[in-house]
Amino acid sequence: MAGPVPNARSRRIEESVTLAIMAKAQRYKAAGKNVVSLAAGEPDFPTPGPIADAGIAAIQQGRTRYTATSGVPELRQAGALWFRTAYGIDFAPEEVMACAGAKAALHMALHTVVEKHDNILILAPYWVSYPALVTLADGNPIVLPAVPDEGFVHSAAAIDAAFRQHQARGILINFPNNPSGAVPSRAQVQAFVDVAKAHDAWILSDEIYGSLLYDGATHVSPATLPGGRERTIVVNGFTKSHTLTGWRISFLAAPRPVIEAAGRLQSQALGNPCTISQEAAIAACKQPLTSELERRMQAFDGRRRYLVDEINKIAGLQLQAPKGAFYALVDVRALCKRLSCDDVAIAERLLEEQLLAVVPGTAFAIPGFIRLSYAASMDDLRAAVTRLRAFAAGLS
Ligand code: PMP
Ligand code: GLU
């Protein structure tokens, strides 16, 4: 006999495409296939020793119990200091809370500010989970089409028009951007803030790649700009810069009423984020590990340059140099035309025929593109380029 079925909301939510492709690539590897996976946005470097050691010490010294649900006071203090030192954002410790990863921080934030049926603007290309996270919070995601010809940064006029048309309550932005690598200038960020202020809207700013920058780009948080502080909700942490991917820990920072409300939600839905990971995050806040981070950035930059050079040599493929994060958003529109297919088919064929896992741009609302993560070894990148070349040349 068939039992009851899951509800309508859960049926509307699809599995994360990035995670599904990562899982498929892993299954192929486990089956002995020589898959090169550039699907995952996860650094190939380990969690740095001093940070991992802080977690180990927490276990060994018995600090493994429940904590305050928004994070231990020492972490909230260290987080506030880190936001100020690293990004010039002035939050008090009571305006910073610990969450179980950036994804969970976004979830808590959206549940805290979105009213039922509120329209929330999302700029394409966007990270795959945004529309689903807005839907889960009972809001309506409104996607602004991508602007590849404008370096993937929307004009204030386009955003203003969307606010007017949809009476939107907020905008969800992500710079440096996953998947485009776009980093707007200070003036562009100020223009976003001005538009949001004119509509008295929230800015939910996902800054998880805030320290991964190239070619002299700087990251400007809307929370540091005039008119931004009172309406910006910042998500940031060490997931990408320090490989805390599996530790599930990050920060949510916002005006006090938001953090108090989000803290109440978290106390009911999660309890506290992992106690051991909180200790690791305290260590990350307190020790800049400057030389380790420089080493990582040099490696990412070398890989980025390699991909830009090599991919632009392949007929049918184009790549604008990303300014931040660790993704190459490759324009495959010419290839799609030649093969009479779309980016989803190209990503599928790359995996099946060339054993190369990438994510189709359609998952990020940028059809005609594919995303390659260069948080991968040079060996993998070289193999990936060889396979792309073979595919584009029709040798598969
Ligand atoms: N935001 C963006 C833009 C991301 O790419 C990711 C990928 N992990 C996340 C949030 C989620 O990060 P976390 O692993 O800390 O939940
Ligand atoms: N954020 C990473 C990515 O875009 C990890 C996967 C995920 O959480 O979606 O690949």
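Given the options Gly71, Gly79, name the one that is within 16 Å of ligand 1 (Cβ to nearest atom) and in a helix (DSSP H, G or I).
Gly79
Quickly run through the range 222-250 and pick out the residues that are among the β-branched types (Val, Ile, Thr) and part of a loop (DSSP other than H, G, I, E, B).
Matches in the range 222-250: Thr239, Thr243, Ile249.
Going by the conditions given, is Gly210 within 16 Å of ligand 2 (Cβ to nearest atom), open to solvent by less than 10 Å² (accessible area, probe 1.4 Å) and at positive phi?
no
From the set of residues in the range 247-291 that are closer than 23 Å to Pro176 by Cα and touching an Asp or Glu at 6+ places or on another chain (Cβ under 9 Å), which is farthest from ligand 2 (Cβ to nearest atom)?
Applying the filter and picking the extreme gives Pro255.
Which one of Ala328, Ala284 is in contact with a Phe, Trp or Tyr (Cβ under 7 Å, 6 or more places away or on another chain) and within 16 Å of Val358 (Cα to Cα)?
Among Ala328, Ala284, only Ala328 is in contact with a Phe, Trp or Tyr (Cβ under 7 Å, 6 or more places away or on another chain) and within 16 Å of Val358 (Cα to Cα).
Please work out if Gly271 is assigned to a helix (DSSP H, G or I) and small (Gly, Ala, Ser).
no
Which of the residues that make up the range 223-245 are away from ligand 2 (no atom under 16 Å from the Cβ), touching a residue at least 40 places away in the same chain (Cβ under 8 Å), open to solvent by 10 Å² or more (accessible area, probe 1.4 Å) and not charged (D, E, K, R)?
Thr224
Tell me which of these Ala109 doesn't satisfy, since it passes every other one: (1) hydrophobic (A, V, I, L, M, F, W, C); (2) within 16 Å of ligand 1 (Cβ to nearest atom); (3) within 30 Å of Leu319 (Cβ to Cβ).
(3)
Hey, among Val220, Val193, which residue is away from ligand 2 (no atom under 16 Å from the Cβ), in contact with a strand residue (DSSP E or B) (Cβ under 8 Å, 6 or more places away or on another chain) and in contact (Cβ under 8 Å) with a residue 12 or more places away in the chain?
Val193
Exactly one condition in (1) away from ligand 1 (no atom under 13 Å from the Cβ); (2) touching a residue at least 24 places away in the same chain (Cβ under 8 Å); (3) farther than 30 Å from Ala68 by Cα is not met by Leu144; state its number.
(2)
I'm trying to understand the selection: among the residues of the range 26-52, which are among the aliphatic types (A, V, I, L, M), within 16 Å of ligand 1 (Cβ to nearest atom) and outside any loop (DSSP other than H, G, I, E, B)?
Matches in the range 26-52: Ile51 only.
Would you please name the residue that is nearest to Ala383 (Cα to Cα), looking only at residues in the range 12-40 that are more than 14 Å from ligand 2 (Cβ to nearest atom) and not charged (D, E, K, R)?
Val36
The values are calculated or read from the model by the stated rules, or taken from the named source; none is laboratory data. Quick caveat: nothing in here was measured; it's all calculated off a predicted structure. Cβ: placed from backbone, ideal geometry, glycine included. Neighbour counts: every protein chain shown. Heavy atoms of the whole protein, side chains included, go into the accessibility calculation; ligands, DNA and RNA do not. Shrake-Rupley method; radii C 1.70, N 1.55, O 1.52, S 1.80 Å.
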